[in-house]
Structures are given as structure tokens and as C-alpha cells.
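Worksheet: one structure, shown below.
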Amino acid sequence: MLRLRILALAALSLAAACSPPPRGDGPMTLNRGNGGEVKSLDPHYIDLTAESNVVGDLLTGLVTEDPKGEPMPGAATHWEVSPDGLTWTFHLRDEVWSDGVPVTSHDFVYAFRRLLEPARGATYAYNIWIIKNAREVNSGKLPGTALGAEAPDDKTLVLHLEHPAPYLPELLTHQTAYPVPRHVVEVKGDAWSRVENYVGNGAYLPKKWIPNDKLTLVKNPRFYDAKNVKIQVVNYFPTQDTQAALKQMRAGELDTQTPLPATEIIWLRKHMPHTLQMADYLGTSYIIFNNTRKPFDDPRLREALSLAFDREAINNEVLRFGEKSAYAFVPPGTANYPGTAHLRFKSMPMAARMARAKQLMAEMGYGPNKHFHTTYETTQDPDAVRVAAALQQMWRKIYVDIEIIKIDLPIHYKNLQMHQFDTANAAWIADFNDASNFLDLLRSDGGNNYGKYSNPKFDALMDKAQQEPDGKVRGEELNEAEQIALDDYAILPWRFRKTQDLVQPYVRGWIPNLRNFNRTRFLWIDPKIPPER
């Protein structure tokens, strides 16, 4: 096996030596390895980071991300906030859709109402429940016209909020706050987002999409800041197999790749140190229990599974990314958050954890002569499969046998949305820098509450925190809510993520950041800088 690996790396080195330098002729082109396949270009039907990367190139919200991933004016040039923090008035710039029709405040109101339509079933609709009456509109209790979003004229948008939200500009960078071209959607319906029908207000437009191969975008000449956009063509490749993606990068077929293969991390640190980009990230990997299926509704089982999961072994010996083990859901670095909530067994030695886990399993009637059989769903990413194999061995020690189900990324998350799993892996990357963005996933009616966790005390405390104007008090209340969920073993958090990007040195303008958004409009290729292979 080792000899085969050495031969494979030697072949890669030879291929790299023969690969062409960065493109210097023709339109400036960027080839991005993007992880999973994109299922839609409609912002109301997407929920994966890979999809957000693409759609964020096609559409621009009131607020957008700057080169460092921080909020900056987008479709709006500026805004004002009322003294009580409940009314935000946005002033739109003079810009047009890619077909030349003016972008207006009515497009935003239309988009918000469309997102909240109950029949649409948009999983991310809850993200804008902060707007007055949005929750009731989304549940069908009120009509869309009751939404606290109004357009007094074509260039003014007023948002009335349920409670003060100083983080609103960051929230509005999310795809749920993107406009859609009302004049096209009303004619084409959902078919508006097909490549041949697409009309956007972003830096790029879709040109060709070959599913499971590549999605090609080209520069939008009508984009309001087109003069500063250098990349003319960007190709997004679905690169779920990270090891194969590394080979593509070394062969000169990819310029960037996210994520990277854990099995090659030592080699990458030695041979491609300038290409390897890892930084702190607002992201958490966790395991979900399906509370709608017995016996996962029993907290003893959830506790036992969490106790038996050796986070340090996974992070230090299997993945080796240098990431912190997670004993909480909300990651370090989250704004205005004390971050003291944690699983109670955090300081308990592993041997004591295993003894406690076996005791809990015995109380439920399981032991050496009666194992609990279940399934664990994961993606086909090689690193995810390796973690699943290690998990299988760990849980077997407490008499739990799991069948590992490997499935494509989009189907995996569809199954999570439909609660069609026993246990499964998941990750959450912050949509905006606030603890509520993580904890909302555990609300009883949360659109991304995959495991259907429900605790009225947790929900009530979340509601109370959201109405609290004092940031310090609000943070403490959210922290208390997180502790309730952790004491219930609602999920099994196991690592706080770092960004996992491979970016060739000749790709300029890439800035690692907590959100890990590097929009193509801010990047360019310097053909004078050689690649790392």
C-alpha cells in the first residue's frame, strides 16, 4: 500500500512538472473546486455553502461582503436606523438587472414575500423572521402583505423588525435577503433560475451548467461595479472527492479548492505551504440524533453516544487539521457571547466517560449480549468516511453497532431536512456572526432542526433573548439556552472548524476570514507568480 502511494505521488509530480503555467492569454479565468454539486441557482431553494458561493456571485443583496468577508454596501448605498432599533431605511443605488431593467425596492419586497410563502417550503425562511410578522406570514397565519417590508418608492426600502438587531447588516448578506427579478419570476415562475432564463444583479451570470461536471459563469457587464471586476470567467467544479481535487489542482486544472483532504495535510504543509489556507472559522461539526425515532428520544442514549465519542482522537489522529475539540455548539469568536456553556463531562477522563456510557446503555437494556443496531448517514467525502469508520469502532465499545450509509452531499442534506435518518453527520457555518444563528437550529420550529429536538424551556429562553435590547444580557440568556440544549444532549458537537482552502499563490485578493467568503469579484490571476505543485 505504501509503495502504491509513493508511486501515485511520483506520477502526480511528473504530471505537475508538465502542467501549464497560469493562463496568460484569453479571458482571465478562475477554476474553483467547490465541494458539492449545486442543486439550484434560486436563492430560495439553496442551503449549502457550495451553493451560497455560486449564488453570491450571481446576486447582490442590500448588503454584501467585502474582500475580508465583512458587511459592506451592496444594492443599498446607505441606511438609517430609528432610535429604538426597530426601523431600518435602506437607500438603493441606481443599478439594473442583467437584462437592463432597473432594480427597485419592490424587487426586494417581492423576494421576501416569495421566500416566506408557506407552500414554497423554503428551509431558510426562518432567517428573516426578524422582520415584523415574517413568522406569521411563513406559517400562513397572515398574508404576505402583512410583512413589515415596504417600498415607499423605487429606491427606498423600509424594514420594520420584531426586535432590535444590531447584527442586521451581516444577516442581510445572506442569500435569503437577495432580491429576485420580479418581472422575470412573474412570467417564468421557478424556471426563471434556469441558465437560459437567468437574470441577476451580481457580478456574474450563468453561461453553461453541466450537472456533476462544471458550472460556468461569465462577467455581468451591467453589474454596478463591473469596472473593478477582473475575473472574466469562473468555473465552479463539484469536488466532493477531496483527494481527486488535490490531483486536479496539482495538474493545473483547479486554482482553488474547498475543502482539502485530511490524509494529505502533512504533505500539503511541507510541499504547498503557500497554497494551504487555514484560519479560524465560525463553523461547528456535529452529529445529529433523530429524536422522532425511538430510542433516540431517550436522553440516556444520546448522552452515552456523546460520552463514547473520542473527539481528541478524531481531531488529533484522524483529521490532524489542528482544530479544537467541541464540547459546545456555538464556536469561539462569536460576537457578544460569553461562550461558557459546555457538555458537563468535558473535563472527565475518557476511561470514566466510557464507564458512564456503558452504565447508561445497561440501564436501557443493552450490553455484551444485546447490542443496539442503528445507522449513521454521511457523505462520500473521504474524510467524512474515515471519521465514520472511527466512530463505528468507538460506539461498538458501548454495544452500539452502526451501519454506515454513504451518500452524495445534496441528497444527504435533503434527507436531513426530511428527517430520514437515525444518526448523521452535519456541519453548520455561520450565516452571520451571532450565537442565535447556531442556536436557532435547535428551536422546535426551526427550518434546519434536522433532529427535531424540542424543549419548551429552550424555546422560551431563545424568545426572551431575542427581545432583550441589552447585548450583554442577551448574550447571557443565549448562553443559558445553549446549556439547556447541551444538558439534553440535543446534538453531539465534536469540532470547531478551521477554513480548509487550497488557493494557488497566483490567485490574488484571497483573504482568509471568519465567514470564509471570498467573492470572485475581488479576485484576480497574476500569471507572473508560479504555481505550487
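Among residues belonging to segment 191-201 that are among the small types (Gly, Ala, Ser) and within 24 Å of the chain's Cα centre (by Cα), point out the one that is most open to solvent (accessible area, probe 1.4 Å).
Ser193
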Q) If you take the residues of segment 202-230 that are of a type in the set (S, T, N, Q) and open to solvent by less than 50 Å² (accessible area, probe 1.4 Å), which of them is nearest to Gly35 (Cα to Cα)? A) Thr216
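So, in segment 315-334, of the ones that are among the small types (Gly, Ala, Ser) and surrounded by fewer than 16 Cβ atoms within 10 Å (Cβ to Cβ), which residue ends up nearest to the chain's Cα centre (by Cα)?
Gly333
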Q: Test Leu215 against the criterion of being part of a strand (DSSP E or B) and within 13 Å of Trp97 (Cα to Cα), and give yes or no.
A: no
Q) Is there a residue being surrounded by 20 or more Cβ atoms within 10 Å (Cβ to Cβ) and small (Gly, Ala, Ser) anywhere in segment 358-370? A) no
Q.
Condition (residue is charged (D, E, K, R), surrounded by fewer than 20 Cβ atoms within 10 Å (Cβ to Cβ), touching a Pro at 6+ places or on another chain (Cβ under 8 Å) and assigned to a loop (DSSP other than H, G, I, E, B)) applied to segment 465-481: is it met by at least one residue?
A. no
Q. Under the condition of being hydrophobic (A, V, I, L, M, F, W, C) and open to solvent by 30 Å² or more (accessible area, probe 1.4 Å), which residue from segment 252-275 is farthest from Arg497 (Cα to Cα)?
A. Trp267
(Q) Condition (residue is without any contact (Cβ under 8 Å) to a residue 40 or more places away in the chain and either under 22 Å from the mean Cα position of the chain (by Cα) or within 20 Å of Asn290 (Cα to Cα) (or both)) applied to segment 372-384: is it met by at least one residue? (A) yes
Q.
Only one of Leu171, Leu159, Leu147 is surrounded by 21 or more Cβ atoms within 10 Å (Cβ to Cβ) and more than 17 Å from Tyr110 (Cβ to Cβ). Can you tell me which?
A. Leu171
Q: Return the total of residues in segment 97-125 being among the β-branched types (Val, Ile, Thr) and either surrounded by fewer than 18 Cβ atoms within 10 Å (Cβ to Cβ) or modelled with pLDDT under 95 (or both).
A: 2
Q: Kindly list, by first and then second residue, each pair from a residue in segment 128-144 that is acidic (Asp, Glu) and surrounded by fewer than 19 Cβ atoms within 10 Å (Cβ to Cβ) to a residue that is at pLDDT 95 or above and part of a helix (DSSP H, G or I), limited to pairs with Cβ atoms under 8 Å and residues at least 6 apart or on different chains.
A: Glu136/Ala146
Q. What number goes with the only condition from (1) more than 30 Å from Pro166 (Cβ to Cβ); (2) open to solvent by less than 30 Å² (accessible area, probe 1.4 Å); (3) modelled with pLDDT under 95 that Asp434 does not pass?
A. (1)
Q. Does segment 398-418 include one or more residues that are more than 24 Å from Ala362 (Cα to Cα), open to solvent by less than 10 Å² (accessible area, probe 1.4 Å) and in contact with a Leu (Cβ under 7 Å, 6 or more places away or on another chain)?
A. no
Q. Of all residues in segment 439-462, which are part of a loop (DSSP other than H, G, I, E, B) and either within 19 Å of Ala341 (Cα to Cα) or of a type outside the set (Gly, Ala, Ser) (or both)?
A. Arg443, Asp445, Asn448, Asn449, Tyr450, Lys452, Tyr453, Ser454, Asn455
Q. In segment 274-328, which residues are touching a residue at least 12 places away in the same chain (Cβ under 8 Å), of a type in the set (S, T, N, Q) and not in a loop (DSSP other than H, G, I, E, B)?
A. Gln277, Thr284, Ser285, Ser306, Asn315, Ser325
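Table: residues versus (1) at pLDDT 95 or above; (2) assigned to a helix (DSSP H, G or I).
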residue: Ala335; (1), (2): no, no
residue: Gly339; (1), (2): yes, no
residue: Leu343; (1), (2): yes, no
residue: Met348; (1), (2): yes, no
residue: Ala352; (1), (2): yes, yes
residue: Ala355; (1), (2): yes, yes
residue: Met361; (1), (2): yes, yes
residue: Met394; (1), (2): yes, yes
Q) What about Thr374, is it among the hydroxyl-bearing types (Ser, Thr, Tyr), over 16 Å from Gly283 (Cβ atoms) and surrounded by 18 or more Cβ atoms within 10 Å (Cβ to Cβ)? A) yes
Q.
Out of Val101, Val81, Val158, Val137, I need the residue that is closer than 27 Å to Lys219 by Cα and of a type in the set (A, V, I, L, M). Which one?
A. Val101
(Q) Checking the conditions here, which among Arg515, Arg495 is within 28 Å of Lys324 (Cα to Cα), charged (D, E, K, R) and at pLDDT below 95? (A) Arg515
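The values are calculated or read from the model by the stated rules, or taken from the named source; none is laboratory data. Here the structure is a predicted model, which means the values were calculated and not measured. For neighbour counting, all protein chains shown are included, and Cβ atoms are generated from backbone atoms with ideal geometry for every residue, glycine included. Heads up: the accessible areas ignore ligands, DNA and RNA and are worked out on the full protein's heavy atoms, side chains in. Shrake-Rupley method; radii C 1.70, N 1.55, O 1.52, S 1.80 Å.
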